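Just below is one structure, and these are the notes that go with it.
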């Protein structure tokens with residue numbers, strides 16, 4: 001990961017291979033964002049003219065490079081677009097700075113040392129430092145496990161601030177690095193080939209990431225799952241030669257503080273089981289454990305940041321495969337707690353393993369349960385590939401989570417749980433069916449999960465099916481492949497709750 005430091009050295013004299021500034025769209029043309037004044041002076045007030053000649057417009061995430069020809073200590077300058085300049089006394093949005101920094105890191109890949117004034121685009125506040133540092137580190141992410149030769153990245157970035165010793169700035173800087181490192185962990189897990197990340201491997205990843213930081217981590221194998229009555233996890237995993245697991249990660253913040261349980265879907269590969277998916281639809285199903293990756297990464301971040309809140313992470317993990325032992329359509333599973341589920345579609349498996357873990361989480365009387373899952377294709381149809389859905393049994397709680405996502409720079413949208421859809425989940429022979437009306441399938445899946453939430457516990461369901469894996473081209477600080485979505489939202493909410 002790109003190393004990041006803070007400095008107060010002026011960009012015109014800083015020792016670097018490239019300097020990075022912001023350019024915005026003004027009322028009559030491009031304008032230099034705050035933080036570039038000393039560079040403009042070094043260019044004899046003609047820096048904007050030079051950039052405009054090379055095509056700079058200030059459009060969001062646009063990048064333009066020029067040689068400094070000795071005008072500054074750095075031989076190269078890059079301007080990144082910030083979009084429309086804010087009105088008088090306005091501020092650039094934190095997400096604008098985060099995306100600009102990420103875009104610039106890809107454009108500068110292969111440059112050893114970079115210095116940037118992007119954190120001064122407003123007034124150099126802690127929030128701006130946090131956004132730029134996150135953008136730098138998330139934008140320079142590469143997954144190298146299977147590459148003989150690693151892709152080029154930026155080695156180090158110095159972020160120019162007014163006072164590197166300011167307590168708020170230092171705290172924001174440190175939190176940004178913890179969060180970025182944790183998001184990178186989630187991305188790595190999602191990007192790992194499914195042959196190398198079975199249920200036992202994913203459970204071990206929870207142990208490796210969280211136990212050294214002081215968390216308690218317990219892993220239940222198939223024998224312990226059977227003894228504990230986890231019929232849903234066992235049923236979904238029975239078609240694979242790699243048996244399922246359930247990992248429980250416990251962070252103890254403070255006695256008497258709110259207790260939050262996070263449940264992440266951990267289907268390490270989803271073939272659809274006997275409801276076999278088309279080949280093309282299976283190509284990215286290694287990402288079906290994105291919710292579990294987010295939970296593991298969030299617990300890692302929480303263990304480092306140490307907020308005064310108690311957090312328990314649950315990772316129900318299985319591989320959904322077709323075989324002679326796989327679950328069949330119309331089979332009935334007895335879940336943890338005794339409720340029975342008729343499995344009408346083996347490809348709607350995620351909600352079943354999640355339900356077992358939600359029941360277990362509810363047995364300890366938590367204040368909140370939040371589940372995170374790449375749950376439905378209907379989420380993609382409804383909200384696309386950049387926006388995840390938030391559903392809840394409490395409107396105020398749902399609003400709080402959406403606000404946390406916005407503050408963290410992740411795109412989410414509140415969705416309802418219409419009670420009239422519950423009837424479509426009725427089964428002729430069991431307590432509930434795992435699928436209902438296809439129309440509103442994302443909402444029906446949420447209603448299924450709600451059936452397993454204890455009464456009186458505030459619960460939310462995050463369907464991250466589309467945003468968890470970027471099938472398109474990189475954009476902003478988001479790479480192709482695993483994105484680590486929901487980690488920043490959860491850390492934002494948990495630290496605020498503390």
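Points worth noting:
- Taking the C-alpha atoms only, the angle from helix 94-107 to the longest principal axis of the chain is near 80 degrees.
- Where the alpha-carbon atoms of the stretch 199-274 are placed on the principal axes, they occupy 46, 24, 22 Å, in descending order.
- Kirkwood-Stokes translational diffusion coefficient of the stretch 1-65, alpha-carbon pairs, 10 °C, 1.306 mPa s, µm²/s: 123 µm²/s
- Once the C-beta distance of residue 3 and residue 282 is scaled by a Förster radius of 45 Å, the resulting FRET efficiency is 0.75 to the nearest 0.05.
- Expressed to the nearest 5 percent, the antiparallel share of DSSP beta bridges inside the stretch 351-461 is 20 percent.
- The stretch between residue 88 and residue 224, if pulled fully straight at 0.36 nm per residue, gains 42.7 nm over its current Cα-Cα span.
- Our summary gives the chain a relative contact order of 15 percent, counting only alpha carbon pairs under 8 angstrom and 6 or more residues apart.
- Exposure proxy order (Cβ contacts within 10 Å, fewest to most) of 286, 223: 223, 286
- Extension reserve of the residue 45-residue 156 stretch, reckoned as 0.36 nm per residue once the Cα distance is removed: 37.1 nm
- Placing a pseudo-label 7 Å from each Cα along the Cα-to-Cβ vector at residue 15 and residue 423 gives an inter-label distance of 7.5 nm.
- Taking the centroid of alpha carbons for each part, the stretch 445-498 and the stretch 311-352 are 21 Å apart.
- Note on the stretch 3-161: Rg/Rh from C-alpha atoms, Kirkwood Rh, equals 0.96.
- Here the sum of -39500 (n - 2.57) over DSSP H runs of 4 or more residues, divided by the residues of the chain, equals -10000 deg cm²/dmol at 222 nm, to the nearest 500.
- Computed from the C-beta positions of residue 211 and residue 367, the FRET efficiency with R₀ = 22 Å rounds to 0.35.
- Normalised by the number of residues in the stretch 3-161, the mean separation of alpha-carbon contacts (under 8 Å, six or more apart) gives a relative contact order of 30 percent.
- Each residue in 261, 475 was given a count of other beta-carbon atoms within 10 angstrom of its own, and listing them fewest first yields 475, 261.
- Cα-based shape type of the stretch 381-498, given that a ≥ b ≥ c are square roots of the gyration tensor eigenvalues and the cut on a/c is 1.5: oblate
- In degrees, nearest ten, helix 395-408 long axis to first principal axis of the chain (Cα): 40 degrees
- Taking the number of Cβ atoms within 10 Å of each Cβ as an exposure proxy, the fewest-first ranking of 147, 422, 130 is 147, 422, 130.
- In the chain, the longest principal axis of the Cα atoms and the axis of helix 290-305 are about 60 degrees apart.
- Using the Cβ-Cβ distance between residue 69 and residue 144 with R0 set to 45 Å, the FRET efficiency from 1/(1 + (r/R0)^6) comes to roughly 0.80.
- Counted residue by residue at 0.36 nm each, then reduced by the alpha carbon distance between them, the extension gain from residue 252 to residue 109 reaches 47.5 nm.
Laboratory data are not the source of any read-out in this text; all were calculated from the coordinates shown. In this text, all values refer to a predicted model and were calculated from it rather than measured experimentally. With ideal geometry, Cβ positions are generated from the backbone for all residues, glycine too; neighbour counts draw on all protein chains shown.
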